[in-house]
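S.K.: The structure follows.
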Amino acid sequence: MSMAQHAEPAVGTPPAPGPRQTDGRTTRRPLALRLLARPEVGVFLGAVAVLVFFLIAAPSLRQGSSIATVLYQSSTIGIMALPVALLMIGGEFDLSSGVAVITSALVASMISYQLTMNVWVGVIVALFASLAVGAFNGWMVVKTGLPSFLVTLGTFLILQGVNLAVTKLITGNVATDDISNMDGFGQAKKIFASSVDIAGVEVKITVFYWLAFAALATWVLLRTKYGNWIFAVGGNKESARAVGVPVNFTKISLFMLVGFGAWFVGMHNLFSFNTVQSGEGVGQELIYIAAAVIGGCSLTGGSGSAIGPVFGAFMFGMVNQGIVFAGWNPDWFKAFLGVMLLGAVLINLWVQRTATRR
């Protein structure tokens, strides 16, 4: 009885007034540190800094048409940087993405021209070809266990050789024939390579596709089960498999998503210029990967966002066009990109350490 009487006050008595005691593990971090934990915050600040710098260094860049040119340059990089970023979050790389863009354009052009068919036939065949390349990369990675770096490096070399050899064999030249007079060209150009007039400024349609794809990718990552799968397989695929995540499906589908991006950008290139140079695309894969890394995607997988690569691509477009508008030697472009890449990696490292510091 005395024990029961002794226990009652412990249940009914409220805690004494005063500050709540914590052991340090449950302390809420300041807002600034929580913002720094977001992978896209650092690149956003960097993009703003680059924009301000070139607006000062190149006054002609302040015109609406100049900004539209920067956005267009950014969008052609950004559309491909998005699926590349998702693939990196999933823990893999694709070094064939640059030449895969040219492969899709070559397939669409030669199928349409050589077989004298409506260009939409070539577009559809190119889509299946691009998805097949992505599926092959993904299947090789999950079935053999080889690093995606090696698998896609092999694909890169294969596509580079096939692009040049087949084009010369079929057309007798290193470029495809002009398809601008073929059936369906005008309709396809409207979808893939048209412009929209906004207050007297012509804005390429790829800018709107870029932003729409970024919004869709963000929704997928943050609001869907598939987005959780991407983060899970990138963080630890064995743990993900143990809790029921379809690891093989997720990785293969991510490679196919890169193939879709390559097809889309390839169609834009084809219907913008009417013809395709078979030797192009080499080196672009590094720019796509760099835009994703600058955007906060981890090189080891499991971390990143879809918004960060948008700002990363914008920085690339701004530097590329800003150097031209400033009247500087364009040979400095790659040097700027290297500085941006190293700076972004160091900033991301600092952000991660600062955000996790108690």
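The values are calculated or read from the model by the stated rules, or taken from the named source; none is laboratory data. Please read all numbers here as calculations on a predicted model, not as lab measurements. Glycine also receives a Cβ, built like all others from the backbone with ideal geometry; neighbour counts cover every protein chain displayed. Accessible surface areas use protein heavy atoms only, side chains included; no ligands, DNA or RNA. Shrake-Rupley method; radii C 1.70, N 1.55, O 1.52, S 1.80 Å.
S.K.: In nm, to one decimal, how far is the modelled label at L55 from the one at N236, with both set 7 Å along Cα→Cβ?
M.R.: So the label points at L55 and N236 sit 4.6 nm apart.
S.K.: Okay, next question. Roughly speaking, what % of Cα-Cα pairs in region 152-245 are separated by over 21 Å, rounded to a whole number?
M.R.: More than 21 Å apart: 68 percent of the Cα pairs in region 152-245.
S.K.: Next question, about the same structure. Give the angle, between 0 and 90 degrees and rounded to the nearest 10, that separates the Cα long axis of helix 39-57 from the longest principal axis of the Cα atoms of the chain.
M.R.: Approximately 50 degrees, to the nearest 10.
S.K.: What angle, in degrees between 0 and 90 and rounded to the nearest 10, separates the Cα long axis of helix 307-325 from the longest principal axis of the Cα atoms of the chain?
M.R.: The angle comes out near 50 degrees.
S.K.: Continuing with the same structure: Specify the angular offset, from 0 to 90 degrees and rounded to the nearest 10, of the alpha carbon long axis of helix 284-294 from the longest principal axis of the alpha carbons in the chain.
M.R.: Rounded to the nearest ten degrees, it is 20.
S.K.: Carbon and sulfur: what percent of region 92-194's accessible surface (1.4 Å probe)?
M.R.: About 69 percent, which is the carbon plus sulfur part of the accessible surface.
S.K.: Percent of alpha carbon pairs in region 228-286 separated by more than 13 Å?
M.R.: 70 percent
S.K.: Further, regarding this structure: Give me the one-decimal Kirkwood hydrodynamic radius in Å for region 54-188, with the sum taken over alpha-carbon pairs.
M.R.: By the Kirkwood definition, the hydrodynamic radius is 17.2 Å.
S.K.: Heavy atoms only, probe 1.4 Å: what % of the accessible area of region 197-297 goes to carbon and sulfur, would you let me know?
M.R.: 65 percent
S.K.: Just to confirm a number: summing +1 for Lys and Arg and -1 for Asp and Glu over residues other than A175 whose beta-carbon lies under 15 angstrom from that of A175, what do you get?
M.R.: Neighbourhood net charge equals -2.
S.K.: Mind checking which aspartates and glutamates have their Cα closer than 15 Å to the Cα of K251? Skip sequence neighbours fewer than 8 apart in that chain.
M.R.: E92, D94, E238
S.K.: Shifting gears a bit: Using the Karplus curve 6.51 cos²θ - 1.76 cosθ + 1.60 with θ = phi - 60°, what ³J(HN,Hα) values do you get for each residue of region 85-93, in whole Hz, with x for Gly and Pro?
M.R.: Each residue of region 85-93 in turn: 5, 4, 5, 5, 4, x, x, 10, 10 Hz.
S.K.: On to the next question. Ignoring everything but the protein chains, give the 1.4 Å probe accessible area of K251 in square angstrom, nearest 10.
M.R.: It works out to around 10 Å².
S.K.: Run down the lysines and flag those whose C-alpha is under 23 Å from the C-alpha of K204, throwing out any fewer than 8 positions away in its chain.
M.R.: K189, K190
S.K.: If I take R0 = 35 Å and measure r between the Cβ atoms of K143 and T224 in this structure, what FRET efficiency does the formula 1/(1 + (r/R0)^6) give, to the nearest 0.05?
M.R.: Efficiency computed from Cβ-Cβ geometry: 0.85.
S.K.: Something else about it: Keeping every protein chain present and rolling a 1.4 Å probe, give me the accessible area per residue for the chain in Å².
M.R.: It amounts to 51 Å² per residue over the chain.
S.K.: Once you keep just the Cα pairs under 8 angstrom separated by 6 or more residues, what percentage relative contact order results for region 198-296?
M.R.: Rounded, it is 12 percent for region 198-296.
S.K.: Using Cα-Cα distances under 8 Å and only pairs 6 or more residues apart, what relative contact order does the chain have, in percent?
M.R.: 34 percent
S.K.: Using per-residue counts of other Cβ atoms within 10 Å, averaged over each peptide, order 282-292, 216-226, 175-185 from highest down.
M.R.: 282-292, 175-185, 216-226
S.K.: Related question: Using only helices, what value at 222 nm comes out for the chain when you add -39,500 (n - 2.57) per DSSP H run of length 4 or more and divide by the total residues, to the nearest 500 deg cm²/dmol?
M.R.: My calculation for the chain gives -24000 deg cm²/dmol from helical runs alone.
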